[in-house]
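Each remark here refers to the structure printed beneath this line.
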Amino acid sequence: MGMPGVGKGTQATRLAERLAVVHLSTGDILREAVKAETDLGLKAKDTMAAGELVSDELIGDMIAERLSRPDIESGFILDGFPRTVIQVGILDGVLERLGIGLDRVVLLGASEQEIVRRLSGRRVCESCGAVYHVDNRPSAKGEACEECDGALVQRPDDTEEVIRERLRVYREQTLPIADAYRQRGLLVEVEGSGAPDEVFERLQAELVAA
Ligand code: AMP
């Protein structure tokens, strides 16, 4: 967990690769649903564009379905979920039914100033979702994705007004769950400022130490 733009997606992708487990990002699943215009996508589209949270009920059903698939058996990294106190309870219920527990909860931290700079420069591949940044991580292919040649675009929720709203939602609804996980002894806090390689080194070191 961590503020929008702190690097959850980037670090979760790397960690999942390193550990050879699946990376489950509720934001990515929702964006795919919006693109494919499924029922879920149609319900979530406007909420996401406004920087608000999609209902706990929709997210709960989505995550229960995703965690029922066999590819999670060797482990998984959750990215962007849970995000509310209610979702913590939903996750507890799903994991209890599966007979598994969380190993760690990572809280990535950075200043709001850094977050606004990162999010406003973020570009994503329209086709495969790969993430770039105009200054920190430009594509070697300019406006096209290095992986798949897809077009690089700005997410509709990466505009300054929506970024501010997402940060408010994060402070009010998501940050309180860090305390819940701290009390359970699961929270590992990692400084998220700096280059992705640097943060990944720090993340791995903290996980080994925890
Ligand atoms: P993200 O890519 O994690 O920043 O998510 C993008 C948007 O998807 C969020 O601003 C929410 O509108 C929605 N979203 C993603 N994950 C959740 C979640 N766990 N609960 C509610 N809404 C979510």
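What helices (runs of 4 or more DSSP H) completely inside region 3-67 contain at least 3 residues that are farther than 20 Å from L91 by Cβ, more than 8 Å from the ligand (Cβ to nearest atom) and not β-branched (V, I, T)? It would help to see each step written out before you state the result.
On the way: elements: 8-19, 26-36, 39-49, 56-66.
Output list reads 8-19, 26-36, 39-49.
From the list R184, R118, R123, R168, the lone residue that is of a type in the set (K, R) and within 13 Å of V6 (Cα to Cα) is R118.
Quick test for you: out of L42, L15, L98, pick the one residue that is surrounded by fewer than 19 Cβ atoms within 10 Å (Cβ to Cβ), without any contact (Cβ under 8 Å) to a residue 40 or more places away in the chain, among the aliphatic types (A, V, I, L, M) and under 23 Å from R184 (Cα atoms). Even if it seems obvious, please write down each step before you answer.
Details: L42 fails: under 23 Å from R184 (Cα atoms); L15 fails: without any contact (Cβ under 8 Å) to a residue 40 or more places away in the chain.
After ruling out the rest, the residue left standing is L98.
Taken together, the values in this text are just the output of simple stated rules run on the coordinates, not laboratory data. Keep in mind it's a predicted model, so treat the numbers as computed, not measured. Neighbour counts run over all protein chains shown; Cβ positions are idealised from the backbone, glycine included.
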